[in-house]
Structure formats: structure tokens, C-alpha cells
Amino acid sequence: MKRAPVESQLFEALAFAAHKHRAQRRKDVEASPYINHPIALARTLAVEGGISDTRTLIAAVLHDTVEDTDTTFEEIHAMFGAKVADVVREVTDDKTLEKADRKRLQIEHAPHMSKRAALVKLADKTSNLRDVATNPPRGWSLERKRAYFDWAKAVVDQLPPVSKRLRAAFDETYSKRP
């Protein structure tokens, strides 16, 4: 299949992610549409981080599709190319592992991430902290919110330095730790 020019693929990725996440809701009190998260992530990269690399933005939009839907890496590769698929692979947790192992591996793998994957991971953690602070998952105690903030910081602290602007956005968000 012939792929569209990389510039127009961002819109294809948004439509693809919206379709794949169409039945999913966030765990927040409002049960907001899941697609809001990948859109917020891409916005954080582009607006706050000044990231204009289209492949990074596409990977951000698609970052949870393999982990949370029936999407395969092969499908991402066929539709959006090897570079995007590689970034999505780097930021995707292995859901066959226990949650504690997945969290530990995120910290261990962070220093070895490519620049694009580190950008996506940094924006993802920033977005997630904002959600936990303003609209947390139903039933999360103050202790659980704080533990999540601290774990996210442990991941981000291990990432290679890829963007001062994005790191500043993360640090500002973390400074509002509940």
C-alpha cells in the first residue's frame, strides 16, 4: 500500500487512533473519550515543546494503540512506516507482564530510548500527571496519586535530555504534586 506524504499522515494517524480507541474511555470521573489523551500528548509536544517533527507527532498520536487496542506493530509499519512503528514499539508496555514489572521496566528502559521515543514518553508522563492532578481515575487516594507522580518522575529522570522546554513543562506539572 502506498503511504501518503508524511505531512498528511498526521491526520491519517488521528483518524486511525480515533477509530481504534472509539469504544474506550479514560478512567477519570467523567469517563472522557480516550482519544483526548493522544491528542493532548501531540499538543504538548507541538505547542509546549515546539516539536514539529511529523513522525514524532504521529507516534505520539499512536503511542497507545498497540498496547490498548487490537492494533499490531505490523499495521503501524504498513500504514505509517518503520520510523513511526519503531517509536511506538519503544514506548509500548508488554501487557503480558505484571504491572509492577512494566513500571520497573519503564524506568530501566528510559535511558536507552531514541530521541523521538524519549520525547513521546516525556510528553506522555506530563499529560498523565496533569490528568491525575485535575481529573484522576475514580477512587484514587491521595497516596496513590502521589505514588504515581513519584514513579512518573523516576521514569522521566532516566530519560536522555531531549527537550529543555518539555522537561520544564514536566517539572512545572510535577511541582503541583498532590
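The values are calculated or read from the model by the stated rules, or taken from the named source; none is laboratory data. Model, not experiment: these values are computed from the prediction. As a convention, Cβ positions derive from the backbone with ideal geometry for all residues, glycine included, and neighbour counts pool all protein chains shown. Areas reflect the complete protein model, heavy atoms only, side chains present, ligands, DNA and RNA absent. Shrake-Rupley method; radii C 1.70, N 1.55, O 1.52, S 1.80 Å.
Numerical summary
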{"read-out": "Carbon/sulfur fraction of accessible area - the chain, other protein chains in place, 1.4 Å, %", "value": "53 percent"}
{"read-out": "Virtual paramagnetic centre 7 Å along Cα→Cβ of Glu98, amide N under 19 Å, in region 148-172", "value": "148, 151"}
{"read-out": "Sites Ile107 and Arg165 - FRET efficiency at Förster radius 22 Å, r taken between beta-carbons, to 0.05", "value": "0.45"}
{"read-out": "Approximate spin-label separation Arg130-Arg177, in nm, with each point projected 7 Å along Cα-to-Cβ", "value": "2.1 nm"}
{"read-out": "Between region 122-178 and region 1-78, the Cα center-to-center distance that results, in Å", "value": "20 Å"}
{"read-out": "Residue-by-residue Karplus 3J(HN,Hα) for region 87-98, coefficients 6.51, -1.76, 1.60, Hz, glycine and proline x", "value": "5, 4, 4, 5, 9, 8, 6, 7, 6, 7, 8, 5"}
{"read-out": "Magnitude of the charge dipole, the chain, Cβ model with Lys/Arg +1 and Asp/Glu -1, debye to 20", "value": "420 debye"}
{"read-out": "Cut-off under 5 Å, modelled amide H: who pairs with Thr69 long-range", "value": "none"}
{"read-out": "Over region 60-176: Kirkwood hydrodynamic radius from C-alpha pairwise inverse distances, Å", "value": "14.9 Å"}
{"read-out": "Mean accessible surface per residue for the chain, computed with a 1.4 Å probe while every protein chain stays in place, in Å²", "value": "52 Å²"}
{"read-out": "Region 37-119: trypsin sites (Lys or Arg not before Pro) in DSSP coil with no more than 13 other Cβ atoms inside 10 Å", "value": "Lys95"}
{"read-out": "Listed residues Asp70, Asp124 arranged by accessible area, highest first, probe 1.4 Å", "value": "Asp70, Asp124"}
